[in-house]
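Novice: My structure is below; once you've seen it, I'll send some questions.
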Amino acid sequence: MPTITEKKAPKRGRPREFDREAALCAAMELFWSKGYTATSIAELCAVMGINSPSLYAAFGSKEALYAAALKQYGETYGPFIWGGFPTAPTAHDAIEELLFKSADVLPRPGKPLGCMVTLASAGDEGHAELKAIIVARRAETLQRIHERLERAVAEGELSRSVEPLSIARFYAGVQQAMSIHARDGATREDLRATARLAMKAWPTLTGASR
């Protein structure tokens, strides 16, 4: 996956006197709420509790800070959504788990609404390196679902006549749409209703009842 390297902080001078992870989480939530372009360095410094020289010394650039914030988002919220996916006994259960956990997390009170990665627009605003990172992270959802469906075919859970990639695109698209709906005000119950409806399409898509 493409990465944006952080400039190393100077070895001389006083050590950074701030909690880097706490500062990064604060930056993450600001980027998540406002987007990359609309977030200023001044606003980042304010929420992170540091000045601009410290920000640049710690993270290298606004772009590198955003890339680090995306990584932090995945590490912080990914387990809430994906935690049960690998251990679900069937592909049906895994995808159902993904959608219902998404319904729980995306409209979470006290946090920015929707998924930071799904809603990220930096890639459409002229930042090529960030676009590559965002596209790769979005593709992870499709890849995980696709791999689980291919495993289901290999294990005989699903017929070899199904199209795992097409089905994966359908459910990845549902999950991404739920993120947009959450940002626009959909509630947990609204999103759970969407998840239930999407799972009703399972027999049509796969030819299997479960």
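Novice: Report the gain in length on full extension from residue 19 to residue 177: 0.36 nm times residue separation, minus Cα-Cα distance, nm rounded to one decimal.
Specialist: Extra length available between residue 19 and residue 177 comes to 53.4 nm.
Novice: Using only C-alpha atoms and all pairs of different ones, pull out the Kirkwood radius for the chain in Å with one decimal.
Specialist: That comes to 18.6 Å for the chain.
Novice: Would you mind calculating the relative contact order of the chain from Cα pairs under 8 angstrom and at least 6 residues apart, reporting the percent as a whole number?
Specialist: Once divided by the residue count of the chain, the mean separation gives 22 percent.
Novice: Using a probe radius of 1.4 Å on heavy atoms only, what accessible surface per residue do you get for segment 73-183? Whole Å² is fine.
Specialist: 46 Å²
Novice: So, with +1 on the Cβ of K and R and -1 on the Cβ of D and E, and no other charges, what is the size of the charge dipole of the chain about its Cα centre, to the nearest 20 debye?
Specialist: That gives a dipole near 440 debye.
Novice: Another one. Measure off, as a whole percent, the carbon and sulfur share of the 1.4 Å-probe accessible area of the chain, all protein chains present.
Specialist: 53 percent
Novice: Would you tell me the accessible area of residue 199, worked out with a 1.4 angstrom probe on the heavy atoms of the protein chains, in Å² to the nearest 10?
Specialist: Answer for residue 199: close to 20 Å² accessible.
Novice: Hey, what D do you get for segment 109-159 in µm²/s if you plug the Kirkwood alpha-carbon radius into Stokes-Einstein at 4 °C and 1.567 mPa s?
Specialist: 99 µm²/s
Novice: Using only helices, what value at 222 nm comes out for the chain when you add -39,500 (n - 2.57) per DSSP H run of length 4 or more and divide by the total residues, to the nearest 500 deg cm²/dmol?
Specialist: Estimated from H runs of four or more residues: -20500 deg cm²/dmol.
Novice: Here's another thing I want to ask about it. Leaving ligands, DNA and RNA out of it, work out the accessible area of residue 155 with a 1.4 Å probe and give it in Å² to the nearest 10.
Specialist: 120 Å²
Novice: Ignoring ligands and nucleic acids, what accessible area does residue 135 show with a 1.4 Å probe (Å², nearest 10)?
Specialist: Answer for residue 135: close to 80 Å² accessible.
Novice: Take the Cα pairs of segment 152-200, get the Kirkwood Rh, then feed it into Stokes-Einstein at 25 °C and 0.890 mPa s and tell me D in µm²/s.
Specialist: So the translational diffusion coefficient is about 201 µm²/s.
The values are calculated or read from the model by the stated rules, or taken from the named source; none is laboratory data. Predicted model, so just to flag it, every value in this text is computed and none were measured. Here the Cβ is made from the backbone with ideal geometry for all residues, glycine too, and neighbour counts use every protein chain on show. Just the protein is used for accessible areas: all its heavy atoms, side chains included, with ligands, DNA and RNA removed. Shrake-Rupley method; radii C 1.70, N 1.55, O 1.52, S 1.80 Å.
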